Amino acid sequence: MRYYISTNIVTTTEPIIFPPKRPKAITDRTLEPVMQMALEDEEDEQQQQQQTKRFKTSHSSETSDDPQPIPTLLPEIVVEILSRLPVQSLLRCRSVCKLWRSLIADPHFIKSHLSLSTNNKHYPHHRLIFSTVPRINVKSCPLYDVLYDKSVNALELDYPLKHPLKSVWIVGSCNGLLCIAIEEDTVFIWNPSTRRSNRLPYCGFKVRSGGYVLYGFGYDESTDDYKVVGISCVFKNGAKYDIKVKIFSLKSGNWRKIGGFPRGIPLDDSGKFSNGALHWAASRDFGSSFSWTIVSLDLAKETYGEVLQPVYDEGEKDLTMGSLGEGLCVLCNYHGIRADVWVMKVYGVKDSWSKLVSIPYVTDPGRNQFSVPLCISNDGKVLLQFVSKLVLYDVKNGSSSEIQNFDECLEAYTIVESMVSPDAPIRIWR
């Protein structure tokens, strides 16, 4: 059974019954009759007024009581319905009327829609975004299909400055926004759901021989601002190196220099956002006493810190840092044996590190290893990247399966669809 919205509803003595919540969001196909009916109502407004007038006249001739007004949906109900629709449906709903267009553009509505979409554990608004090789591209597919259908029907995305010969690097995601770098020096903040993008000014860091440039992307809740951090690392003679750090504010629209990287050398990877800070894995040196540490940069205070790591098991291992949901995550790979997934439950508290799952290697992976999980569902499905493939591990039965119809993946992120603008941050409710 389908349920439609109309600005005019015929009076009935029966109570209005709303359908039960469904695990999947209302689809565009369901919404099209809604928009069509609303548009027809507006276009035939004069005709409806005449019909209403005739209705009142005939009704008053039959009874002496005052005619009942034609009821309309309460604004609160309209907001509740719209806030549960996918972004593509909301983009179409903006054409229904000026009132809906204004509502959908309201910062409070955008924040509410984002919160509902993020917390929906059936993943109707979540997508997997990944870059491909050898043909350079960025693709997207529903996360639900990957987790439960174990197959991918990915669509190519028209990202900014798309070119088959220019490399694209997904720096990070936050609140439905992606930060991407083209050829490592041209940086965009991009909303793939609304297709709006914002090209950042050049930060001044050039990629040189014997050096590299890193970025990180996150949200500063204290100032309601999205920020990008750039790090330039250039190696010099005598095991010396020069590190410079700049930060970009979406509100101010410019780059600023901040204090240099405090602890050793950041490894060649993007900063991972969690709890209002960006995090990099860093090494103190490259000698026999090689050590691995987690350096944090608070986006509000613009101060550095160190996040203490969990107590790992003994044995030869490789560590990979990432973020899982809103928590900081470390994947500990024991060569050819298993991979342990650690998550920090309470940010900054060492004792809060918890080992969520240990994933065994079914066959000898050689030098290859799992990545930090992209997602862990409520029913125990762990989505990971293994080399250029996606693997789904089921915690309940210990089985592993490869996702079918999946191109060779360079890097992947999960993202929630949102109406957040890459031009102006959304004010957080207090």
In Å and on Cα atoms, what radius of gyration and Dmax does segment 84-223 show? 17.2, 57
Determine the per residue accessible area of segment 251-354 with all protein chains present and a 1.4 angstrom probe, expressed in square angstrom. 48
How much net charge surrounds Ile136 when only the other residues with a Cβ under 14 Å from the Cβ of Ile136 are counted, with Lys and Arg +1 and Asp and Glu -1? -3
Listed residues Leu74, Leu165 arranged by accessible area, highest first, probe 1.4 Å: Leu165, Leu74
Work through the residues other than Ala412 whose Cβ is under 12 Å from its Cβ and net out their charges, Lys, Arg +1 and Asp, Glu -1. 0
Length-normalised contact order of segment 113-245, Cα under 8 Å, at least 6 apart, in percent, tallies to 12
Just the number, please: carbon plus sulfur as a percent of the accessible area of segment 84-208, 1.4 Å probe, no ligands or DNA/RNA counted. 49
Can you tell which of Ser89, Leu155, Leu73 lies farthest toward the positive end of the dipole of segment 69-176, using +1 and -1 charges on the Cβ of basic and acidic side chains (Lys, Arg; Asp, Glu)? Leu155
Considering only lysines 8 or more places apart in sequence, or on different chains, count the pairs in segment 290-410 whose C-alpha atoms sit under 19 Å apart. 6
Sorted peptide list for 273-279, 329-335, criterion being average Cβ within 10 angstrom, highest first: 273-279, 329-335
Rounded if a/c under 1.5, otherwise prolate or oblate - segment 276-398, Cα gyration tensor axes: oblate
In whole percent, what relative contact order does segment 170-279 give with Cα contacts below 8 Å and a gap of six or more residues? 21
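The values are calculated or read from the model by the stated rules, or taken from the named source; none is laboratory data. Owing to the predicted nature of the structure, the values given are computational and were not obtained by experimental measurement. Note: ideal-geometry Cβ built from the backbone for every residue, glycine included; neighbour counts use all protein chains shown. To get the accessible areas, we keep the full protein, side chains included, count just its heavy atoms, and leave off ligands, DNA and RNA. Shrake-Rupley method; radii C 1.70, N 1.55, O 1.52, S 1.80 Å.
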